[in-house]
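Chemist: Please find one structure pasted underneath; my questions will follow.
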Amino acid sequence: MIRPLLFAIWIAMLTLGASSGAAYGVKSGLLARWRASSAPAMETRKIRQIQAPVLSQGEIKGYVVAQFSFTAEAAALTRASTSPDAFLLDEALRFLYARSDGDLRDVMRVDLQKLAVDLRERVNARLETPVIKDIIVNELTYLTKDQVKKQ
């Protein structure tokens, strides 16, 4: 009989201590400071693969295949009025078509860091707010016309 009574008193004291500790944390602002100090949640999205023809003297010589991902704060993505996916896809295609006059055949010469920074700045400028934090080049490949026919 005494054992269940002591057990009930012990549980009541634990409950009282936990609830008063939680109330003190909320009242003193500890919870708000803890939430503010935590890093913002980041989200990574991958856009679809894109292909751009490489033209030389009015003839298709091959294709550049590219795929990109971007990271952004989850809260900024929900606040954005439009999705940055479409803008990143558009800016990547603009880059590829602007350079499709043959200088993309050697994709090893493309500065991927500069490409990622340029794409990020252009997309953020079009969104009118810095939503995208980083762009990742997942794939950047040149395929000749013959290689495409074999696939």
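Chemist: Can you say whether residue 129 is surrounded by fewer than 17 Cβ atoms within 10 Å (Cβ to Cβ), modelled with pLDDT of 90 or more and of a type outside the set (Asp, Glu), as far as the supplied structure shows?
Modeler: Here the answer is no, as residue 129 does not meet what is asked.
Chemist: Additional query: Going by the structure shown, is residue 90 modelled with pLDDT of 90 or more and either on the phi > 0 side of the Ramachandran plot or in a helix (DSSP H, G or I) (or both)?
Modeler: Considered against the rule, which asks whether it is modelled with pLDDT of 90 or more and either on the phi > 0 side of the Ramachandran plot or in a helix (DSSP H, G or I) (or both), residue 90 comes out as yes.
Chemist: Now for a separate question. Report, by residue number, each residue of the range 27-55 that is hydrophobic (A, V, I, L, M, F, W, C) and either modelled with pLDDT of 75 or more or over 43 Å from the mean Cα position of the chain (by Cα) (or both).
Modeler: Listed by number, the residues that qualify are 41, 42, 47, 50, 52, 54, 55.
Chemist: List every residue pair whose Cβ atoms lie under 9 Å apart, where the two residues are 6 or more positions apart in sequence or sit on different chains, the first residue falls within the range 113-141 and is under 17 Å from residue 73 (Cα atoms), and the second residue, located anywhere, is exposed (fewer than 14 other Cβ atoms within 10 Å of the Cβ) and basic (Lys, Arg).
Modeler: 129/79; 131/79; 136/46
The values are calculated or read from the model by the stated rules, or taken from the named source; none is laboratory data. On a predicted model such as this, the values are computed, not experimentally measured, just so you know. Please note: Cβ atoms are built from the backbone with ideal geometry, for glycine as well, and neighbour counts cover all protein chains shown.
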